[in-house]
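Undergrad: The following block contains the structure, expressed as structure tokens.
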Amino acid sequence: MGAKNTPALNQTNLGLIIAEKEVAMLCSLATDVNDSTLQTITNLEKGLGKTLLAFKCHDLKPSILTKDELSKVQDAEKKLGVSLVAVED
């Protein structure tokens, strides 16, 4: 059997439709890891001989952008070298 093709996340497939409401989950590197959690991860890395990255995920509602707004966001992404996601408050 061939490898399964998995599409990259983008604007068109980031959201999931659940009970007719658009819901998305966005994950980022965990930056608020306490000492106990960090020690647990470090011990696991040593045991596995592998480097691990810690992520935290957040439910959010993506915002609908006009073509002009999207263009401005994309320009900012290129300038800043980051990915930006518009979400509802």
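Undergrad: Answer yes if at least one residue in region 43-66 is assigned to a helix (DSSP H, G or I), under 21 Å from the mean Cα position of the chain (by Cα) and either surrounded by 11 or more Cβ atoms within 10 Å (Cβ to Cβ) or not hydroxyl-bearing (S, T, Y) (or both), and no otherwise.
TA: No.
Undergrad: If you don't mind, another one. May I ask you to verify whether D35 is modelled with pLDDT of 95 or more and not hydroxyl-bearing (S, T, Y)?
TA: Here the answer is yes, as D35 does meet what is asked.
The values are calculated or read from the model by the stated rules, or taken from the named source; none is laboratory data. For clarity, every value in this text was computed on a predicted model and none was experimentally measured. Glycine also receives a Cβ, built like all others from the backbone with ideal geometry; neighbour counts cover every protein chain displayed.
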